[in-house]
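Engineer: Dropping the structure in here first, questions after.
Every number in this text was worked out from the coordinates using simple rules, so none of it is lab data. Please read these numbers as outputs of a predicted model, since none were measured by experiment. Quick reminder, even Gly has a Cβ in these numbers, built from the backbone with ideal geometry, and neighbours come from all protein chains shown.
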Amino acid sequence: MRNKKFVAEHRGGDLTLENHRGLMNWAIACAKHALELFSDRNIDIRLFQALDIAREWERGNVGTGAAMEAAWAAHAAARETADPVLKTISRAIGQAVSTAHMADHSLGASLYALKAVSQSGKSVQEEIGWQDKMLIRLPPQIIDLILETREIKRKGFKDL
């Protein structure tokens, strides 16, 4: 069951458009940071395109339908790669752009980024610290919601 605090106001929830866009910004940052950590790999162009669409949604320049198409493309890239880290990063990007549809997908971007870091043997705690610093632009109640929900979901997240 979704937390109503992640549901947009126009869908009967509590989340303002400004905060929804803020969550998109954070999700993009999490996914992009993971991607940058592994820039030595052969990156599918669809992942860069998905991040561009996510940014355009955040700015109000494209609709949710375009964001969902980009998310499906990122998830297709995940299915098509044999590289487990790149697969996980692709999932992070797919979740980030899916934030346009449902804001709680921002947590998926965070968690998949953490999983990619874990898979590569890098410090998950350092990545959590980095992600937390990126929350600074959000209001305190949204930061608290993210931190609380991420820890709950992290416990059930496979291999993290």
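Engineer: So which pairs qualify, if the first residue must be in the range 101-123 and among the polar types (S, T, N, Q), the second must be in a loop (DSSP other than H, G, I, E, B) and surrounded by fewer than 24 Cβ atoms within 10 Å (Cβ to Cβ), the Cβ gap must be under 8 Å, and the two must be at least 6 apart or on different chains?
Structural biologist: The qualifying pairs are Ser118/Asp159; Ser118/Leu160; Gln119/Asp159; Ser120/Phe38.
Engineer: Under 6 Å by Cβ, and 6 or more places apart or on different chains, what pairs join a residue from the range 57-72 that is acidic (Asp, Glu) with one that is in a helix (DSSP H, G or I) and surrounded by 15 or more Cβ atoms within 10 Å (Cβ to Cβ)?
Structural biologist: Partner pairs satisfying both residue conditions: Glu58/Arg21; Glu58/Met24; Glu58/Asn25.
Engineer: State all residues of the range 133-156 that are of a type outside the set (S, T, N, Q), part of a helix (DSSP H, G or I) and surrounded by 15 or more Cβ atoms within 10 Å (Cβ to Cβ); if no residue qualifies, say none.
Structural biologist: Narrowing the range 133-156 to residues of a type outside the set (S, T, N, Q): 133-140, 142-148, 150-156.
Right, trim to part of a helix (DSSP H, G or I) and you get 133-137, 140, 142-148, 150-156.
Selection gives Met134, Leu135, Ile142, Ile143, Leu145, Ile146, Arg150, Lys153, Arg154.
Engineer: Can we say Ile89 is farther than 22 Å from Gln141 by Cα, touching a residue at least 40 places away in the same chain (Cβ under 8 Å) and part of a loop (DSSP other than H, G, I, E, B)? Spell out the reasoning first.
Structural biologist: Values: farther than 22 Å from Gln141 by Cα: yes; touching a residue at least 40 places away in the same chain (Cβ under 8 Å): yes; part of a loop (DSSP other than H, G, I, E, B): no.
Answer is no for this residue.
Engineer: Still on this structure, I have one more. Inside the range 96-109, can you point out the residues that are within 20 Å of Lys4 (Cβ to Cβ) and either assigned to a helix (DSSP H, G or I) or among the aliphatic types (A, V, I, L, M) (or both)? Break it down into steps so the answer makes sense when it comes.
Structural biologist: From the range 96-109, those within 20 Å of Lys4 (Cβ to Cβ) are 98-108; that's our starting set.
Within the range 96-109, Ser98, Ala100, Met102, Ala103, His105, Ser106, Leu107, Gly108 qualify.
Engineer: Val117 passes all but one of (1) aliphatic (A, V, I, L, M); (2) closer than 16 Å to Met24 by Cα; (3) surrounded by 22 or more Cβ atoms within 10 Å (Cβ to Cβ); which number fails?
Structural biologist: (2)
Engineer: Let me ask something else. Look at the range 11-70 and say how many of its residues are crowded, with 16+ Cβ neighbours inside 10 Å and not in a helix (DSSP H, G or I).
Structural biologist: Qualifying residue count for the region: 6.
Engineer: Any residue at all in the range 75-90 that's within 20 Å of His20 (Cα to Cα) and crowded, with 20+ Cβ neighbours inside 10 Å? I'd like the intermediate steps shown before the answer.
Structural biologist: In the first step, residues of the range 75-90 are kept if they are within 20 Å of His20 (Cα to Cα); the result is none.
Within the range 75-90, not a single residue is within 20 Å of His20 (Cα to Cα) and crowded, with 20+ Cβ neighbours inside 10 Å.
Engineer: Can I ask one more? Of these, His101, His20, which one is under 20 Å from Asp144 (Cβ atoms) and in contact with a Ser or Thr (Cβ under 9 Å, 6 or more places away or on another chain)? Before you say what the answer is, go through the steps one by one.
Structural biologist: Values: His101 fails: under 20 Å from Asp144 (Cβ atoms).
Unique residue meeting the criteria: His20.
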